């Protein structure tokens, strides 16, 4: 267990969440693919980044949309998850999907301004955003192209028979409050049923008054 995992031990339900992540649990099946495509507005030829990809269902889905001239990067910290996704993507049909084992609390392995769309799907509630949010969102901003998009999908903050405990779920305003100070402007909210989607644009400069973090 690393220092970050120890820091999370006090959060109710987080151990179960982390265990599920090791096995590549995905929220993709909660959504209609046509609704995702309408709300995300992904185009052919773009570079799509799925952070905390889990089973890789969103990455595989995006693969056919971005096409042969596009790229999909699927990033997750768990080796077992990435190994399984690499096997899944070993066919020519999924040649544009590139699974990468990497912990997203560390600097991302991508060049500045190289990503068109970054997706985080039902992972933000499992992160200690007051502690590490600045690192994550600054890195996302760095790798996104100017006016590139950060898309977040999160479970609604309400009781449900499945998904994370309600006490660790994030309301839309919680996500916006965490993301906006780092140079992002919310442009859309979409109700997806059990979950919701927020879209943010990477604005050219950091918002005035954004908190400074130590390098």
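Bear in mind these aren't lab numbers, they're just calculated from the coordinates by the rules spelled out. Fair warning: this is a prediction, and the values are worked out from it, not measured in the lab. No Cβ is skipped: glycine too gets one built from the backbone with ideal geometry, and neighbour counts run over all protein chains shown.
The residue that is farthest from the chain's Cα centre (by Cα), counting only those in region 72-105 that are assigned to a strand (DSSP E or B) and crowded, with 20+ Cβ neighbours inside 10 Å, is 97. Residues that are over 14 Å from residue 48 (Cβ atoms) and out of contact with any helix residue (DSSP H, G or I) (no Cβ under 8 Å at 6 or more places or on another chain) within region 94-105 comprise 95, 102, 103, listed in sequence order.
Mind checking whether some residue in region 180-188 is in contact (Cβ under 8 Å) with a residue 60 or more places away in the chain and surrounded by fewer than 20 Cβ atoms within 10 Å (Cβ to Cβ)?
Taking every residue of region 180-188 in turn, at least one turns out to be in contact (Cβ under 8 Å) with a residue 60 or more places away in the chain and surrounded by fewer than 20 Cβ atoms within 10 Å (Cβ to Cβ).
Every condition in (1) in contact with a helix residue (DSSP H, G or I) (Cβ under 6 Å, 6 or more places away or on another chain); (2) surrounded by fewer than 21 Cβ atoms within 10 Å (Cβ to Cβ); (3) touching a residue at least 12 places away in the same chain (Cβ under 8 Å); (4) over 24 Å from residue 86 (Cβ atoms) is met by residue 110 except one, and the failing one is (4). So in region 138-180, with the set limited to residues that are in contact with a helix residue (DSSP H, G or I) (Cβ under 7 Å, 6 or more places away or on another chain) and in a helix (DSSP H, G or I), which one is farthest from residue 112 (Cα to Cα)? It comes out as 168.
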